[in-house]
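First up is the structure itself, then whatever we jot down about it.
The values are calculated or read from the model by the stated rules, or taken from the named source; none is laboratory data. Computed from a predicted structure; not experimentally measured. We place every Cβ from the backbone using ideal geometry, glycine too, and count neighbours over all the protein chains shown.
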Amino acid sequence: MTQMFDVRRGLEQARADRAGAWRFVRDFACAWVEPLTDGDGFTEEDLGAAEKRLGVGLPTALGEMYRLLGRRQDLTSNHDRLLRPDELCIDARGEALVFREENQGACSWGVLLGDVGRADPGVHVLLDLADRQAQRWEPFMERVSWMAVEMVLAESLHAPQHLSDFLYEPDPETPRIIEESCEQLPFPVYAAGGYEGTRWFLGADALLRDEEGCVLARARTEEALEAVRTLLPGDWLDE
């Protein structure tokens with residue numbers, strides 16, 4: 001494999017603590033997207049204004065995430081959307097600080113208000129269900145910083161078409177081919193929100209997410225993406 005940094009090792013370090021998570025985000029951006037710069041985050045003034053408006057302090061890790069990459073839409077908002085500091089809100093139920101929304105409003109991610117005083121609290125998800133009485137905030141990721149890693153990886157799957165693609169209803173043999181040809185990454189099973197069963201893999205200059213009914217691919221080069229399509233024949237969206 002020819003990655004410019006060790007993705008697996010980076011994820012292991014990111015899982016350990018939030019310093020490792022921010023290091024992974026920087027390294028991944030540099031190797032797969034564009035390097036982070038000093039102007040890619042929001043300022044202390046931006047975050048302070050949000051806290052004053054909300055009457056709630058931001059968890060340390062959430063503030064660090066916004067200061068590091070909050071303005072980088074290519075890392076945060078290709079598909080789902082990281083809210084700007086002036087869009088941060090308390091949900092209508094008064095239970096959580098919401099910082100991210102699914103692109104069609106199917107769910108929101110946030111930190112329970114009882115947890116905002118923790119440095120790196122867990123992230124919960126609220127599904128937009130027809131039965132409002134059934135709605136509840138469910139655990140999603142164990143830490144905000146780990147959610148940031150997942151966000152950057154997930155948004156990379158929706159990069160420009162020449163570097164990403166989507167395989168709908170893959171062949172039943174596809175999971176086996178992926179397992180035999182790629183390295184499964186040390187990513188936890190998602191706790192809720194219909195994400196159960198999602199697995200991440202690393203191929204030759206390519207990142208794959210295998211989930212029920214589809215495979216998403218992101219490559220560092222057009223040649224690497226074409227190699228994924230060849231490895232996994234089927235109805236690729238942009239082929």
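Taking the stretch 53-81, which residues are under 19 Å from SER164 (Cβ atoms), crowded, with 17+ Cβ neighbours inside 10 Å and in contact with a Lys or Arg (Cβ under 8 Å, 6 or more places away or on another chain)? If the condition is that a residue be under 19 Å from SER164 (Cβ atoms), crowded, with 17+ Cβ neighbours inside 10 Å and in contact with a Lys or Arg (Cβ under 8 Å, 6 or more places away or on another chain), then ASP80 is the only one that fits. Taken together, the residues in the stretch 222-234 that are within 18 Å of LEU153 (Cβ to Cβ) and more than 21 Å from the chain's Cα centre (by Cα) amount to 2. In this structure, ALA50 qualifies as in contact with a Phe, Trp or Tyr (Cβ under 9 Å, 6 or more places away or on another chain) and at pLDDT 95 or above.
Check whether at least one residue in the stretch 94-105 is within 30 Å of VAL7 (Cβ to Cβ), touching a Gly at 6+ places or on another chain (Cβ under 7 Å) and without any contact (Cβ under 8 Å) to a residue 60 or more places away in the chain, and report yes or no. There is at least one residue in the stretch 94-105 that is within 30 Å of VAL7 (Cβ to Cβ), touching a Gly at 6+ places or on another chain (Cβ under 7 Å) and without any contact (Cβ under 8 Å) to a residue 60 or more places away in the chain.
For the stretch 38-78, a residue qualifies if it is of a type outside the set (Gly, Ala, Ser) and either touching a strand residue (DSSP E or B) at 6+ places or on another chain (Cβ under 8 Å) or free of Cβ contacts under 8 Å to residues at least 12 places away in the same chain (or both), and the qualifying residues are ASP38, GLU45, GLU51, LYS52, LEU54, VAL56, LEU58, PRO59, LEU62, GLN73, THR76.
Of the strands (runs of 3 or more DSSP E) lying entirely inside the stretch 119-213, the ones with 2 or more residues being without any contact (Cβ under 8 Å) to a residue 60 or more places away in the chain, closer than 22 Å to TRP22 by Cβ and out of contact with any Lys or Arg (no Cβ under 9 Å at 6 or more places or on another chain) are found at 138-141. Number of residues in the stretch 1-28 that are in a loop (DSSP other than H, G, I, E, B) and β-branched (Val, Ile, Thr) equals 1. The residues on offer are ALA31, ALA50, and the sole one that is crowded, with 18+ Cβ neighbours inside 10 Å and assigned to a helix (DSSP H, G or I) is ALA50. Listed conditions (1) at pLDDT below 95; (2) not in a helix (DSSP H, G or I) are all met by VAL98, apart from (1).
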